[in-house]
Structure formats: C-alpha cells, structure tokens
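Below is one structure, written out as structure tokens; the observations come after it.
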Amino acid sequence: MDYIITDNYETMSELAASYVIDLVNMKPDATIYFPTGGSTELMYELLVKANRDGRIDFSQVKARNLDEYFGLSSEHEASYRYFLNKRLFEHCNFRSCNIKTIKGNALNIEAEIAEYQEMINNDEIDLIIDGIGENGHIGFNEPSNSLNLYTHLEKLSASTIAANARFFDRISDVPECAITMGIADILKANIIMIISSGIKKSDVWLELNNKTVSTMLPASFLKLAKKITVILDKESAMKL
Ligand code: F6R
C-alpha cells in the first residue's frame, strides 16, 4: 500500500475532502459509502462547506454507510446514522431517496441484513471511505480466526468497546454487537480511501507494513483492493 503522509489532521482532512469533491465532480451520481468516527469529523465539516460554496453537488450522489450499532435507532445520538445526519446529510443537498443506511434497531435484523446485502450486490460502489480501528478493524470487522465476507452481525471486541466508549455516557452503554459490511463487500469498491489520524493508530500501521494478510488484522485485506488511497497524518505514520 502506498501512503500519503500529511503534517496533521487538518491537512489529512483537506486532502480527503478534496478527493471526494473531485470524484463527485467527475461522476455526479457516484455511489459512496460513508464512515463515522473521530477521524472523519473535519472531513465532513469541509464537505459541508464545499457544498454550501457550490464546489460539490450531492443531489445525485447515492449515500450509504458501512456499519451500525445493533439495537440503536437513527435518533440515538451515538448511532452512526445520527452521526451522518448531523455531520453531513442534514447540511447538504442529498436527496433522502438516495440515502440508505443500516437500520440498527430493525425488528427483523436478519431481513435487514439480507436487504442491505442485496443493495450492496446491486451497487456499483465508486468509493468507500473508512477509518481504521486501533486493533486493525475495518468497518466493524474485528480481528478473529476467520472473517465474514458479507454483511453480518459482529460481536465487538473489548478494545473497540473501550475505544468507542467516548461517544456514550458510560462504557456499559456501548452495544456489544454491530452490523457491518463484510470484507468482500468492502473490497468490491472501485476505490477505497482510508484516513487515519493520531499516535494511537501508529502500531497498526507498523503491523500493516509487511507483505502478508491475516484475519487477525482485518485491514491487511485492503492490500487486495482494486485501488486504494491511504491518507495518514504524521503521528499515525510515525512508526513507518
Ligand atoms: C466507522 C468505521 C470504523 C472506524 C474506526 C476508526 O464507520 O467503519 O472502522 O473508521 O473505528 O474510528 P475513529 O476514527 O473514531 O478512530
């Protein structure tokens, strides 16, 4: 994997936002899978600003997400749909009929997963944007002896629950499971863009820097992507 190393979080976010702006200007009806998480916050702010300034038009973009906490509704402040509503969707000219995200509180979760999978199968995915977990997860595909290829319910690892507790009042409020796209779903994208910021991610990039893939390091499967752009800030890249 080739890395673009930027001076700081601000430059990482500017580069990531420009990448999305260029892609949508080239293909106005692009299908994009959007992530959540601390790494993405400024990128979204910059995309909202670009939309207001007329530098990106989301009216034809098909927007999806990669993952969602099991059991949380879109009104729950820690749900991924809520995050995307507040940081991106509500401030831009997306058309609601073009937005489809995973319903974490669906009454029939099996049916929800099957429906989401069918959409993924039918999508030509132009771009998936994602961050990376401190333990090397992508989406919510956690390190394990085997990885799921397709959309599924995943049990979250203790380290992910600890890392994400900052978005909840108490660590005990973090759901134990999440629904996530699988590894094959992610690799289906024509382009994957990974952004990573901060020293907490530096060990994972060191581990990823060898020439193997391992289910114990799900992000290593990104080496099989059709096209990948990795944007790191200096702190994330410090052990490379
Ligand atoms: C979120 C997602 C996760 C995050 C990862 C990093 O939709 O897919 O893989 O990208 O957990 O999160 P932050 O940016 O909060 O460190």
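The values are calculated or read from the model by the stated rules, or taken from the named source; none is laboratory data. This structure is a prediction, so every number in the text was calculated from the model and none was measured. Quick reminder, even Gly has a Cβ in these numbers, built from the backbone with ideal geometry, and neighbours come from all protein chains shown. Keep in mind that these areas ignore ligands, DNA and RNA; they rest on the heavy atoms of the full protein, side chains included. Shrake-Rupley method; radii C 1.70, N 1.55, O 1.52, S 1.80 Å.
Name the residues in segment 110-132 that are touching a Ser or Thr at 6+ places or on another chain (Cβ under 6 Å) and within 16 Å of the ligand (Cβ to nearest atom), would you?
Residues satisfying the conditions are 116, 125, 131, 132.
I'd like to check something: does segment 138-147 contain any residue that is acidic (Asp, Glu), open to solvent by less than 30 Å² (accessible area, probe 1.4 Å), under 29 Å from residue 3 (Cα atoms) and within 11 Å of the ligand (Cβ to nearest atom)?
Taking every residue of segment 138-147 in turn, at least one turns out to be acidic (Asp, Glu), open to solvent by less than 30 Å² (accessible area, probe 1.4 Å), under 29 Å from residue 3 (Cα atoms) and within 11 Å of the ligand (Cβ to nearest atom).
In segment 58-77, which residues are open to solvent by 60 Å² or more (accessible area, probe 1.4 Å) and of a type in the set (S, T, N, Q)?
60
Does any residue in segment 18-35 that is free of Cβ contacts under 8 Å to residues at least 60 places away in the same chain come within less than 7 Å, Cβ to Cβ, of a residue that is in a helix (DSSP H, G or I) and not basic (Lys, Arg) six or more places away or on a different chain, and which pairs are these?
21/50
Can you give me the number of residues within segment 1-12 that are open to solvent by less than 70 Å² (accessible area, probe 1.4 Å) and part of a helix (DSSP H, G or I)?
3
Could you check segment 111-130 and list, in sequence order, the residues that are surrounded by 19 or more Cβ atoms within 10 Å (Cβ to Cβ) and assigned to a loop (DSSP other than H, G, I, E, B)?
125, 126
Taking the options 211, 227, name whichever one is more than 19 Å from the chain's Cα centre (by Cα), away from the ligand (no atom under 12 Å from the Cβ) and open to solvent by 10 Å² or more (accessible area, probe 1.4 Å). Spell out the reasoning first.
On the way: 227 fails: more than 19 Å from the chain's Cα centre (by Cα).
Criteria check complete, one pass: 211.
Tell me which of these residue 158 doesn't satisfy, since it passes every other one: (1) surrounded by 15 or more Cβ atoms within 10 Å (Cβ to Cβ); (2) more than 23 Å from residue 4 (Cβ to Cβ).
(1)
Name the single residue, out of those in segment 24-55 being out of contact with any His (no Cβ under 7 Å at 6 or more places or on another chain) and β-branched (Val, Ile, Thr), that is surrounded by the most Cβ atoms within 10 Å (Cβ to Cβ).
36
Looking at segment 186-208 only, could you name the residues that are farther than 22 Å from residue 19 by Cβ and away from the ligand (no atom under 13 Å from the Cβ)?
Passing the criteria: 203, 206, 207.
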